[in-house]
Every structure is written in structure tokens, then in C-alpha cells.
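Take a look at the structure below.
No value in this document is a laboratory result; all are computed from the given coordinates. What you see is a predicted model, and the numbers here were worked out from it, not measured in a lab. Note: ideal-geometry Cβ built from the backbone for every residue, glycine included; neighbour counts use all protein chains shown.
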Amino acid sequence: MMPINNLILVTGQVILLVLFAPLVSGFIRKIKNNLRMRKGPSVLQPYYNVQKLISKDEVISRHASWIFLAAPVIVFASIICALFLVLLAQLGPFGNNDMAILIAAFFVLGLGRFFLALAGLDTASSFGGMGSSREMFISSFAEPIAFVAVFVLCMSGADTFRISTLLAGFAILMVTLAETSRVPVDNQETHLELTMVHEAMVLEYSGRSLALIELASHTKQIIFFILLSWYFFPSMTGGVWGWVIFPGKIAIISLAIALIELSVAKMRLFRVVDFLSFSFFIALLASIAAGLGI
């Protein structure tokens, strides 16, 4: 049984990270605009967007059922639960128990994705159904890669720098681009319905429900950034010192994500298969390297 002190600590960290998550998205957008020689919105713009959506009324399709109404709450709850599990695993030495906890976190993330895909289909919108099918298609490639990368992390440990963890980190980086709707897999800034993936599923949402989904997306991004910090910043993941330098690690990862988005173009949907297949190959190489102890 987990000590009550650890439970309180992890709960406090979850609350702080949920509040911190929109700032990371605003920081990435600010970096991209600055590199494009544009002023762009403030780094606090995601907070303003959530506040604006909360104050607005909702418009609900007459075709919507209870799934459409419940999906935002389930998505947000699943993201919070996954974040709790990830932070709980960070307290341990990344052994077999922590591997089970991290795999459970990805299953919980899958629950939220499943209900969001159902919500996209629920309103009988052609774009919502298209986005749902694309989301499930991409996730079917991304989830196995994440499982193999977690297996490598628990074999190699997060306290030393190894080739296996570096390779697994690159695999998780490619999964992060897919799971957080980033270029080259998706584009958060697009307004073309035919090219949307995640945004197509939530076109019918408005008001408080959309605010909840947006906050869940920011928090999901933080989860994957925490995972990336384990792979690329070994020996700096736990303890008080790890949390002191946590903003710096997130800033470096955010800068890398922004540079990737500016350096490559969005792929066609079926080219994403090649992209994620290459990521899976890297994850397998990482597992072999971990088995060899390197």
C-alpha cells in the first residue's frame, strides 16, 4: 500500500502540472511565432481560451446521445488518472511494478481516446467520423511503440545514460508528435477539415465541454513531456532536485518540438504509417540494446 505522504505528494504534483500544462502549449506557440519573425499571441493565451470557453453556452446536436455529453468528462478524468500513474511510477526505481503502472497509464489514455472517438461518431458528422477513424488508425501504431519504449526504460533504468534509453527516447519523441497532434502527423493550427485528425473529432463541441477537452489535451502533452525527460535527462528525474530543474527540462523539450514542427511538413495520412513503423523499428533496436546491457 502506498504511504499517505506519497499520495499527498503525487496529488499535489498532479494539480500543479494541470495548472502548468496550458503554459507549455503557449510557450511552444510563442517559440514558433518568434522563429517565424511574428509577434503572435501571449504565452498565456491558452488560459484565456479556456476561460472564454467556460463562460460560453454550449450548442449540442440533436443527434447527440449521452456519449457525446459524457465524453469530455471521461477524457479529462482519464488524462488526470494517467498523469497520477506516471508520477506514481516516478517514485520508484523503474522496476517491474513501475512497468505495470506505466502500461496501465497508457491503457487509461486509450480509454479517453476511445470515448472521444465515439463522441466524434455520435453526432452523425462526416468530419467527426473521419477524425475518429484517423485517430484510431494512428493510435494502433503509436501504442505498441510506447509499450516497447516503457519496457526498455524499466530494463535500463532512468538513472544512467545508455544507448538503449536514447534510442527508446527517440521512439517516444515520434510517438509524442503523433499523440499530441503535432506536425508531421497532425497540425493543431490547421482550419482545413479534410486534413484534421484530433480537431475533427471535437468540431461539434463548444463551451465548457470544449474547455475540458482543451485542458485535457494540454495535460496529455505534459504526460509525454515527462516521459521524454526520463529518457533524455537521466539521473535528473527524481527527488527535489529533479523538480527544481523540471521547468528547464520542459523548456528544452518544448524548443525541440517547436523546431521539429518548423522544419518538416505535414505528411499524408498513409505516410504516417512509414513514420511510426520507423519509430517501432527504433524501439525494437532499443530493446535489443537493453537486453545486451548497453
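Given a Förster distance of 30 Å, report the FRET efficiency between T195 and L166 from their Cβ-Cβ distance, rounded to the nearest 0.05.
Values: r = 33 Å, r/R0 = 1.09.
Calculated value: 0.40.
I need H63, H198 ordered by Cβ neighbour count within 10 Å, fewest first. Don't jump to the answer; show the numbers that get you there.
Values: H63 11, H198 22.
Ascending Cβ contact count within 10 Å gives the list H63, H198.
Can you list the HN-Hα couplings for the range 211-217, worked out from phi with the Karplus curve (6.51, -1.76, 1.60; θ = phi - 60°), rounded to whole Hz and with x for Gly and Pro?
Per residue, the Karplus-derived 3J(HN,Hα) values read 4, 5, 5, 5, 5, 5, 5 Hz.
Whole-Hz Karplus ³J(HN,Hα) for the range 54-62, in order, using 6.51 cos²θ - 1.76 cosθ + 1.60 and θ = phi - 60°, x for Gly and Pro?
These are the phi-based 3J(HN,Hα) values: 5, 7, 9, 7, 9, 10, 10, 5, 6 Hz.
Give the order of K266, K56 when sorted by the count of other beta carbons within 10 angstrom, beginning with the fewest.
K56, K266
I want to check the label-to-label distance for S61 and L9. Put each point 7 Å from Cα in the C-beta direction and report it in nm to one decimal.
Roughly 4.6 nm, to one decimal.
Any idea what angle helix 96-122 forms with the longest principal axis of the chain, computed on alpha-carbon atoms, 0 to 90 degrees, nearest 10?
The answer is roughly 10 degrees.
How far is helix 4-35 tilted off the main Cα axis of the chain, in degrees rounded to 10, range 0 to 90?
Computed tilt is about 70 degrees.
Hey, what do the phi angles of the range 77-83 turn into as Karplus ³J(HN,Hα) couplings, whole Hz, using 6.51/-1.76/1.60 and θ = phi - 60°, x for Gly and Pro?
5, 5, 5, 4, 5, 5, 4
How large is the direction-averaged shadow of the alpha-carbon convex hull of the chain, in nm²?
Details: hull surface 60.7 nm².
With every direction weighted equally, the projected area is 15.2 nm².
Could you work out how far helix 126-156 tilts from the main Cα principal axis of the chain, as a 0 to 90 degree angle to the nearest 10?
Rounded to the nearest ten degrees, it is 10.
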